[in-house]
1. Filter region 190-213 for residues that are surrounded by fewer than 17 Cβ atoms within 10 Å (Cβ to Cβ) and within 12 Å of the chain's Cα centre (by Cα) and give the result.
2. If Trp135 passes every condition in (1) modelled with pLDDT under 90; (2) of a type in the set (A, V, I, L, M, F, W, C); (3) under 21 Å from Tyr64 (Cβ atoms) but one, which one does it miss?
3. Please verify whether region 78-89 includes one or more residues that are within 31 Å of the chain's Cα centre (by Cα), more than 21 Å from Thr193 (Cβ to Cβ), modelled with pLDDT of 95 or more and in the same structural domain as Asp183 (by TED's automatic domain parsing).
4. If we keep just the residues of region 27-86 that are among the polar types (S, T, N, Q) and within 14 Å of Leu157 (Cα to Cα), which is surrounded by the fewest Cβ atoms within 10 Å (Cβ to Cβ)?
5. Checking Thr197 against (1) among the β-branched types (Val, Ile, Thr); (2) more than 30 Å from Gln85 (Cα to Cα); (3) assigned to a loop (DSSP other than H, G, I, E, B), only one condition comes out false. Which one?
Amino acid sequence: MNASSLQRLPQLIAILALGLLAACASPFEARVQSFQSMPPERGKTFTVQPAVEARAGSLEFAAYAGLVATELQKLGFQPAASADQADLKVLVDFGAGPGRERISSRPGMAPAWGWGGWGGRGWYGRGWGWYDPFWGPGWGAWSQPEVYSFTVYPAFLEVDIIRKADNASLFEGRAETTTRVNDLPSTMPNLVTALFTDFPGASARSTTVKVPPRR
């Protein structure tokens, strides 16, 4: 391998690493907590309402309520013709908090390489492929880990299902996550999917749900 090829190796490794990252996108993760005493039967009718009265008539609430209603219909529930005729009242709350900084580290991407010299015990150098306690770092020695900071944004979704006949609470669920982008509309579909995964699930459960990347 000539000197020109050696000089290009760090760039080639960086390109390959970025390609692997793009091909293996991480799944969406949310922490889900829920309590339930849902009856086994399905087919009950429901209406979705905001948990906060101020959101009544909000277009944003209507969009998220539609996502929740779609999941309930997949599970066998039916939308009621009117709120008065519904068997179940589904209360939905959501929100996003201010960004906060996190500190992390990653391995150095660029290898440190170059020719060494003669030391007291023999040849030493920093290069590309090996490290020996006698010879010192050689071919393949990586640079020091990189410490960096980034901003994450918390987001949550809460869904409560109440039986209207006796005002009994049947399901209380909350899904929380943090994302690198402050974009609640694009985060909400994943939060809804996470919350309704294995619905209604065991009561008093707290688990991490992974949602595959959307194509």
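The values are calculated or read from the model by the stated rules, or taken from the named source; none is laboratory data. What you see is a predicted model; the values in this text were computed from it and never measured. With ideal geometry, Cβ positions are generated from the backbone for all residues, glycine too; neighbour counts draw on all protein chains shown.
1. Thr208, Lys210, Pro212, Pro213, listed by residue number.
2. (3)
3. As a first pass, look at region 78-89 and keep what is within 31 Å of the chain's Cα centre (by Cα): 78-79, 88-89.
When the remaining residues are screened for being more than 21 Å from Thr193 (Cβ to Cβ), the result is 89.
Those still in the list that are modelled with pLDDT of 95 or more too: 89.
Subsequent filtering for residues that are in the same structural domain as Asp183 (by TED's automatic domain parsing) retains 89.
Yes: region 78-89 contains one or more residues that are within 31 Å of the chain's Cα centre (by Cα), more than 21 Å from Thr193 (Cβ to Cβ), modelled with pLDDT of 95 or more and in the same structural domain as Asp183 (by TED's automatic domain parsing).
4. Of region 27-86, the ones among the polar types (S, T, N, Q) are 33-34, 36-37, 45, 47, 49, 58, 70, 73, 78, 82, 85.
Imposing the further condition that a residue be within 14 Å of Leu157 (Cα to Cα) reduces the set to 33-34, 49.
Values: Gln33: 15, Ser34: 22, Gln49: 19.
Selected residue: Gln33.
5. The one condition Thr197 does not meet is (2).
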